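The values are calculated or read from the model by the stated rules, or taken from the named source; none is laboratory data. Nothing here was measured: the structure is a model prediction, and the numbers come from that model. Here the Cβ positions follow ideal geometry from the backbone for every residue, glycine too, while neighbour counts run over all protein chains shown.
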Amino acid sequence: MLFKDLKEAAKDPILGLSEEFNNDSNPNKVNLAVGVYQDDNGKTSTFESVLEAEKIILDMDLSKSYKPIDGDKEFLKKSLEMIFGEKILEEKKTFPIGLNTPGGTGALKLVSEFLNEFSSKSTVWFSNPTWANHKPIFESSGFKTKGYDYFDKNSNNIDFENMISSIKSIPSGDIIVLHGCCHNPTGCDLHEDQWKELANVLKQNNIITICDFAYQGLADGVEQDAIGVRILSEILDDIFICSSYSKNFGLYSERVGCLFYSTKDKNKCEKILSQLKKTARTIYSNPPAHGSEIVKIILNDDHLKKLWIKDLTILRERIKDMRSSLNSNLIKLGCKKDFSFIVDQKGMFSFSGINSDDVNKLKDEHSIYIVGSGRINIAGITTKNIDYISGCINKIIG
Ligand code: LMR
């Protein structure tokens, strides 16, 4: 009988927790698992700039006909400027092409399927730890995956020396996945000099590089956060970049992202683009239009762009405040574990060091949901729930 022996699939380590959370009847429940921003009232409100752009779209009476396989040209132009910066583009230091994809996950799947067609024997290397969905995306395309050193649990920071030596041992022609900023799950990013050193190692060792860049603007600012991606693009002969507008425009459910390929050899651009389009056609055919239209309108309009930067700055600063407050609350409570590292981590997440037993206790005894690895979504903490959260963490750890 069809599917008789089929086993139920394991719940997704991140989105599966949201399902459990939704079924939890505890009025004090807090979802600090999935990377979604909440304001101080616990709401994931739509950005004001996005609402304004949507009003403009309504008045435009736009067609719902298909977009080109690679997406809207003007949207892609604006996206290229945001990622690479006008300087790199004007000076023609590299030649990037882009495709609008269904979210950052769509970009990762597209590059994974594309590379598997041309380089299926390569192993794909991820930072240890990495986003829980990275390995499944590449493994389901047929790749073998391995980890490179990244995080030192004792210092709660990047172990750069071991990172570089472990990357030096990656065989030529293998594939590496980096995090452009706001490393998920650790919140620990490389400095400018470290990006340069890393880029030179990748170039010397001929490693195919993919940079997952889903959080531009959530660490220090839109321009500042692109430092790593721009250094890689200037130094490497070829690079793939997967970007997302889910977090920095709050367009989670619109599924809007991009895959960029950037090369020093201009002659390759059209060929690679044609192949990527061929691959995209077999996965999702062409991208959804509404989200990219919103981004295009905002980035093309000075007033809306300023409004968006204001929204993004408020979001980023609120997360930083919550980092400091969580740390100071735990100090006040006399927590025996030092959580001061949380203050310096970047973006939405903190790799808290809370072990899996304690993660389960937080969920089962207090309805506080964090990812099994100990990753906390700081963007889910508010002035209303912070006392409850810090009290429960202290009770469990202390
Ligand atoms: C996360 O890491 O929580 C987000 O990127 C959402 C997701 O799709 O996992």
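Of everything in region 89-121, what is closer than 26 Å to Ile164 by Cα, surrounded by fewer than 20 Cβ atoms within 10 Å (Cβ to Cβ) and touching a residue at least 60 places away in the same chain (Cβ under 8 Å)? Give them in sequence order.
Lys93, Ser119
Residue by residue through region 76-96, note down the ones that are under 20 Å from the mean Cα position of the chain (by Cα) and either at negative phi or among the β-branched types (Val, Ile, Thr) (or both).
Leu76, Lys78, Ser79, Leu80, Glu81, Met82, Ile83, Phe84
Could you check how many residues of region 41-66 are surrounded by fewer than 17 Cβ atoms within 10 Å (Cβ to Cβ) and more than 25 Å from the chain's Cα centre (by Cα)?
12
For a quick check of your reading of the model, give me the residue pairs whose first member lies in region 321-332 and is modelled with pLDDT of 95 or more, whose second is of a type in the set (Lys, Arg), with beta-carbon atoms closer than 9 Å and at least 6 apart or on different chains.
That search, which allows pairs on different chains as well, returns Leu330/Lys337.
In this structure, does Asp311 turn out to be farther than 20 Å from Cys188 by Cβ, under 27 Å from the mean Cα position of the chain (by Cα) and free of Cβ contacts under 8 Å to residues at least 12 places away in the same chain?
Spelling it out, it is not the case that Asp311 is farther than 20 Å from Cys188 by Cβ, under 27 Å from the mean Cα position of the chain (by Cα) and free of Cβ contacts under 8 Å to residues at least 12 places away in the same chain.
When you go through Ala379, Ala280 one by one, which is the residue that is crowded, with 17+ Cβ neighbours inside 10 Å, not aromatic (Phe, Trp, Tyr) and not assigned by TED's automatic domain parsing to the domain that holds Ser243?
When all the criteria are applied, what remains is Ala379.
Can you tell me which residue in region 341-361 is farthest from Gln216 (Cα to Cα), limited to those that are away from the ligand (no atom under 16 Å from the Cβ) and touching a Leu at 6+ places or on another chain (Cβ under 9 Å)?
For region 341-361, the residue satisfying everything is Ile354.
Take the residues of region 364-380 that are hydrophobic (A, V, I, L, M, F, W, C) and touching a Leu at 6+ places or on another chain (Cβ under 6 Å): which is nearest to Cys188 (Cα to Cα)?
Ile376
Tally up the residues in region 1-54 that are out of contact with any strand residue (DSSP E or B) (no Cβ under 6 Å at 6 or more places or on another chain) and within 23 Å of His290 (Cα to Cα), please.
Number of matching residues: 15.
Give me the pairs: first residue in region 339-359 and farther than 21 Å from Asp39 by Cα, second residue assigned to a helix (DSSP H, G or I), beta-carbon distance under 6 Å, and six or more apart or on different chains, which are they?
Short answer, once both residue conditions are applied: Phe339/Asn327; Phe339/Leu330; Ser340/Asn327; Asp358/Ile396.
Would you list the helices (runs of 4 or more DSSP H) that sit entirely within region 68-153 and hold 2 or more residues that are touching a Cys at 6+ places or on another chain (Cβ under 7 Å) and within 16 Å of the ligand (Cβ to nearest atom)?
In region 68-153, the matching helices (runs of 4 or more DSSP H) lie at 103-118.
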